[in-house]
Amino acid sequence: MFHKDLEKRRLELIEEIKEKSSFSKEETERIIKFFFHKVPRSVQILSKRYDLANKKVLEIASAYGQTLLYWGSGSEAVEIEPEYIKFLNNLDRKTYSLNVEDGFDGIPAENYDVIFSSNLFEHLVAPHFFIARLYSLLKPGGLLIVAHPVVPTVFVRKLWTWIGYQGWSAVEHVNFFTPETARLTLEVGGFKVLEQFFPGFSTESRFLRWVSTSRWPSSAFQCVAR
């Protein structure tokens, strides 16, 4: 039933997008095809484990809202790209237009159950400032969920490089994390990490968790902290 509910929500979102999008029909169809063709794995896991479908979430760097739009009522976005802001505004989702490196002026304090950010951490010049500033935005006991690329161990890194995959070292990245350095960064920022996992290997198997958290060059490795 859980997965059926999410799939129902995805189909509802597609109809809403078609109705409200101010983009051309061709561009709207392109967005739907590439960003809403299935329920993201991270949405499935985080909704089930942390009930994000019923939580007020602030999503930072939300793009077209391919995860944001599944979160609870009143969830809001932070974006800097005009195209994404226009798209979300068309869907009546409140979106703050700002560069998070400059702080979060204008966003109310203690207003969110969860802060979610995916594939932003590695682009920040000052990730420690970013983490420290998030505290004031969360309600007491709120969750911070950060998704980021993982740099695999040396041997596996060489193997993946030989295959031709080096996603963790993209030219736009200025920070590089292993599961351990991500954990330490969040802990220095005052958070306690509850769990770390790669959505593609979300399993109770200790071996697969070990593979996914230390060997797999994930682009969406999840750190959940409080």
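Could you sort the peptides 103-109, 184-190, 63-69 by per-residue average Cβ neighbour count (10 Å cutoff), highest mean leading? Walk me through the numbers before you get to the answer.
On the way: 103-109: 12.1, 184-190: 15.9, 63-69: 22.0.
Taking the mean over residues of other Cβ atoms within 10 Å, the ranking is 63-69, 184-190, 103-109.
Filter K25/K94; K33/K86; K8/K48 down to the pairs with a C-alpha to C-alpha distance above 21 Å, please. Don't jump to the answer; show the numbers that get you there.
Working: K25/K94 23 Å; K33/K86 19 Å; K8/K48 15 Å.
Over 21 Å apart, Cα to Cα: K25/K94.
Please give the residues of region 41-70, grouped as numeric ranges, whose backbone N is less than 19 Å from a label point set 7 Å along the Cα-to-Cβ vector of A109.
58
If one computes P(r) from the Cα atoms of region 81-154, what percent of pairs lie at distances over 21 Å?
Values: 948 of 2701 pairs.
Summing the P(r) tail past 21 Å for region 81-154 gives 35 percent.
Show me the ranking of peptides 177-183, 33-39 by mean Cβ neighbours inside 10 Å, starting with the highest. Intermediate values should be presented prior to the final figure.
Values: 177-183: 17.4, 33-39: 13.7.
Descending mean neighbour count gives 177-183, 33-39.
V100: net charge of surrounding residues, Cβ under 11 Å, Lys/Arg +1, Asp/Glu -1, itself excluded?
On the way: positive: R133; negative: E79, E101, D102, D105.
Local charge sum for V100: -3.
In the neighborhood of E76, defined by Cβ-to-Cβ distances under 9 Å, what is the net charge if each Lys or Arg adds +1 and each Asp or Glu adds -1?
Numbers: positive: K56, R93, K94; negative: E59.
Around E76, the charge tally is +2.
Bear in mind these aren't lab numbers, they're just calculated from the coordinates by the rules spelled out. Please read these numbers as outputs of a predicted model, since none were measured by experiment. In this analysis, Cβ positions are derived from the backbone assuming ideal geometry, glycine residues included, and neighbour counts consider all displayed protein chains.
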